[in-house]
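Quick notes on the structure that follows.
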Amino acid sequence: MRALNAALSVSRGWRFALAALLLICAGFAYAQSDDGQGDAGDPPARVARLAYAAGDLGLMPAGSTDWSAADVNRPLTNGDKLSSGPGARAELELGGASLRINGQSDIGLLNLNTQVGQFELTQGTLNLTVRNLDQGASYEIDTPTLALVIDQPGSFRVDVGNDGVSTTVTVFQGAGVVFGENNAQRDVYNGRSYLFSDSTLNSVAVSEIEGSDAFDAWCSDRDAQYENTASAQYVSDDVVGAQDLNQYGNWQVDNDYGAVWYPANVVVGWAPYRYGHWVWIAPWGWTWVDGLPWGFAPYHYGRWAFIRGAWGWIPGPPRIRPIYAPALVAFVGIGAGGPVGWFPLGPHEVYNPWYRSSRNYYTNVNITNITVGRGYDRGALLDNIHHQYGFYQSGRPVPNATYANRNAPHAFTAVPAQAFASARNVQSSQVHMNPQQMAAAAVIAPTTLQRPSSASFGQPRLINARPLPSTSFNRQVVAVGRPAAAVAATASFRSSQPASNVRVLGVRPRSPNPIPEPMHPENFARPAAPVETQANPPRPATLPQVPHFEPAQQVRQVEQPPRYAPAPRPYAQPQENVEQERFDAAQRAHNYVPEQRQYVPQQRPPEPNPSYQPQPYRYEPQQQIGRQEQGRPPEQESHPQSAPRPHQSAPPSGKNDNQH
C-alpha cells in the first residue's frame, strides 16, 4: 500500500511539474514577441462562449493536462476540448452561429477567428446553426471520415459513430461541401442525409430526412431563442451573449450615454465583476468567468457606469464588429504579496491589457467597445488611446489617471492572491477593506499581477464525476483548413497524445478572389502611424513585462500557417453535368436557353405569358391586354436572374444523389 501511495504521489507530482513547464515554456516563447511583429502576434478577436451546459461535461483547457469543470460563460478558444457524458448537452455560442453537442460527444476547437470556425468531432453528434456569415468566412467540421465546409447560413447535423468508421451529414437548411481523400468532394443539399462509409466518399447512401429526435427538437428550441431579439437594435450582431440581455434586464436610452442595459433582480450590493471567478486562458491570461446566466457580453464588451443609483452596461457602437476582451477592468495592488483588487472601467476609459498586443489591437479593442456620448468626441478618445499606449508598451501605469467607477458603490473588489490564482469564487473569498485602504491602493502595471499556477486553468470537477476520455481525442481527423499553430503546440506537450491528430487534405481553393480582412478600415480608426504600413517598424526600447507563464499553446504563434478559407462560391460542378452548364449559361444571359425552349405556336398553353415574345416571331395573344399589368406569375419572378444557384439549396435537375 505504501508503494502504491508513493507511486501515486510521484505521478501527481509529475503532472504538476508538467503543468508548470507548460506555463514557463509558453510564457518564455510569448515574451519573445513584441510590437515590431505587427498584428501577427495579437490574440484572436473572437471566442466561443459556453452558453448552455446540462449533465456531465468536462473541459480540458488548452495548455492543461487535466480535465476541469465546464462552467457556463467560460470562454473557449483554440486548443480547448469538450466532452459530454450520457444524456448531457452543451451549446457553444460563436456570434452569428451556435454549435451544440449531444451526449457522449467529444469536440475540439482547432481554429477560431473572425473568418474561420474550425472544429473536430471525434465521436458523437453535433449540430451547427449558422445565422449569418461574413463574405469569405466559413465553418468547418472535421471528422475521421471527412471534412464538412459551410460558407452560407443553414442548419447541419454531423454524427460520428463510436468506432469512427463512418460519418453522417444531415442538412436541414442550406448547403455545404464535404471533402475526402484524393481531392474528392461532394455537395450536400437541403433536406437530405448522407452516410459516408469511407474517406474516398465513394461509398455513400443518400436519403430524405424523415422525422427528428429529441436532440433535434432541443436544437430547434434553442434556435428560436435567437430570433427576433430586441437587443439587436442596440448591440452588434457579433457581440457574443447579447441574446440573453432581454430576458434578464431592460434597455433605456440615456441622454449622456445612449442605449444602456440595466440588469434586473440582482441582490442588494451587487456590482460588476464580483459574482464569479478568475481563470487563466492563453493568450489573454487572466479572464473573468461570471456566475450569472447573462454574464458574458457585459463583461467582455462595452463599459459599465453607475447612473442615478444603479449599475448599467453601455455597449459599443452597434454597427461595428467588437473585439473580445478577457475583462474590462483596472487592477489595483494592495502591498507586496497582498490581495489583488480591481474595479470596472467606466465610459470612455482606456483598457490597458495585461498581455502583449500591437498598437492596432490596442486601438481597436478600445474604440470598438466604447460609445462616444455627449460631451466627448471621437478625436479626444483616439488621442487618449494613443497617449496611454506609450505607457502600456513600456509596462508602466498611466500617471494621474482618473477612473469614474473607482469610488462607485461596491465597485472595488479584492481577494487574497492565492484565491485569485486558484479560480476560487470571488464572493466567498472577498477581502473587506476600509475607505482609507482603498484610497491608498494604486492601479498597477501588468508586471505585478499574480502569476498563474496549475489550479488557474479552471475549477475542479466533482469528485464522483465519470472518467473522461483519454483516447478518443487521439483519433485522427481529416481537415481542409490547417489548425491554428497553438493547437499543435499544445498537443505536443500533452502526455500520451500525438503532436497532432489532424491530417490536412491536399485541397486547394479554386477561387482567386482574396478573402476580405475582418477589420474594415471604414469601421475602425487606425493610429496615425499604423504598424502594418511600415516595412520594418522599430522595436520598442522596453517591452511590457506581462507574466511569463502561459500555456504551451502559445509557443511560436506569431507565424500564422496558411489555411483554406473558401470564397462564397469556390466549388465547381462536375464537368459531365451538361444540364447544369446550360442552366449557368442561361443565367448569365438572363434568358432561357433557346434550344431547350423553342416556341411552337401549336403547343402553346391556353393562357400564355404575354411578356414572352420570342424573336423573330411577332406573336401577340388576343384578348390578353388587361393581363400585362399583372406581370409575371410569382413563381417566375425569381427565375433565373435572382434565383440561387442550384447547388446552394437543392441538387440540379436530372442529377442522381447516389452517383459518385
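The values are calculated or read from the model by the stated rules, or taken from the named source; none is laboratory data. All of these numbers come straight from a predicted model, not from anything done at the bench. Positions of Cβ are generated from backbone atoms using ideal geometry, with glycine treated the same way; all protein chains shown enter the neighbour counts. When the accessible area is computed, the model is the full protein with side chains, heavy atoms only, and any ligands, DNA or RNA have been set aside. Shrake-Rupley method; radii C 1.70, N 1.55, O 1.52, S 1.80 Å.
Within region 288-302, being under 15 Å from W270 (Cα atoms) and either surrounded by 24 or more Cβ atoms within 10 Å (Cβ to Cβ) or touching a Leu at 6+ places or on another chain (Cβ under 9 Å) (or both) holds for D290, W294, P298, Y299. In the set D42, D66, D56, D34, only one residue is at pLDDT below 95 and under 30 Å from D237 (Cα atoms); that residue is D42. Listed by first and then second residue, the pairs linking a residue in region 223-244 that is at pLDDT 85 or above to a residue that is hydroxyl-bearing (S, T, Y) and in a loop (DSSP other than H, G, I, E, B), with Cβ atoms under 7 Å apart and 6 or more places separating them unless they lie on different chains, are V239/Y301; Q243/Y226; Q243/T229. The set of residues in region 348-368 that are in contact with an Asp or Glu (Cβ under 8 Å, 6 or more places away or on another chain) and surrounded by fewer than 21 Cβ atoms within 10 Å (Cβ to Cβ) contains only N360. Restricting the search to region 46-63, which residues are open to solvent by 10 Å² or more (accessible area, probe 1.4 Å) and not aliphatic (A, V, I, L, M)? Residues satisfying the conditions are R46, Y52, G55, D56. The C-beta contact set for region 411-424 (first residue under 23 Å from S68 (Cβ atoms) and without any contact (Cβ under 8 Å) to a residue 12 or more places away in the chain, second residue open to solvent by 20 Å² or more (accessible area, probe 1.4 Å) and not aromatic (F, W, Y), distance under 7 angstrom, 6+ apart or interchain) comprises A419/S429.
Among the residues of region 88-95, are any open to solvent by 20 Å² or more (accessible area, probe 1.4 Å) and either farther than 18 Å from S422 by Cα or modelled with pLDDT under 95 (or both)? Show your work before the answer.
The initial filter retains those residues of region 88-95 that are open to solvent by 20 Å² or more (accessible area, probe 1.4 Å), namely 89.
Filter again for either farther than 18 Å from S422 by Cα or modelled with pLDDT under 95 (or both), leaving 89.
Yes, region 88-95 has at least one match.
For region 173-197, a tally of residues being open to solvent by 10 Å² or more (accessible area, probe 1.4 Å) and out of contact with any helix residue (DSSP H, G or I) (no Cβ under 8 Å at 6 or more places or on another chain) returns 12.
Scanning region 167-184 for residues that are modelled with pLDDT of 95 or more and of a type in the set (S, T, N, Q) yields T167, T168, T170, Q173. For region 294-348, the set of residues classified as aromatic (F, W, Y) and in a loop (DSSP other than H, G, I, E, B) consists of W294, F296, Y301, Y324, listed by residue number. Test W280 against the criterion of being over 24 Å from A70 (Cβ atoms) and in contact with a Pro (Cβ under 6 Å, 6 or more places away or on another chain), and give yes or no. No. Quick test for you: out of T402, T371, pick the one residue that is open to solvent by 40 Å² or more (accessible area, probe 1.4 Å), farther than 27 Å from G337 by Cα and either free of Cβ contacts under 8 Å to residues at least 12 places away in the same chain or assigned to a loop (DSSP other than H, G, I, E, B) (or both). Step by step, each of T402, T371 is checked, and only T371 is open to solvent by 40 Å² or more (accessible area, probe 1.4 Å), farther than 27 Å from G337 by Cα and either free of Cβ contacts under 8 Å to residues at least 12 places away in the same chain or assigned to a loop (DSSP other than H, G, I, E, B) (or both).
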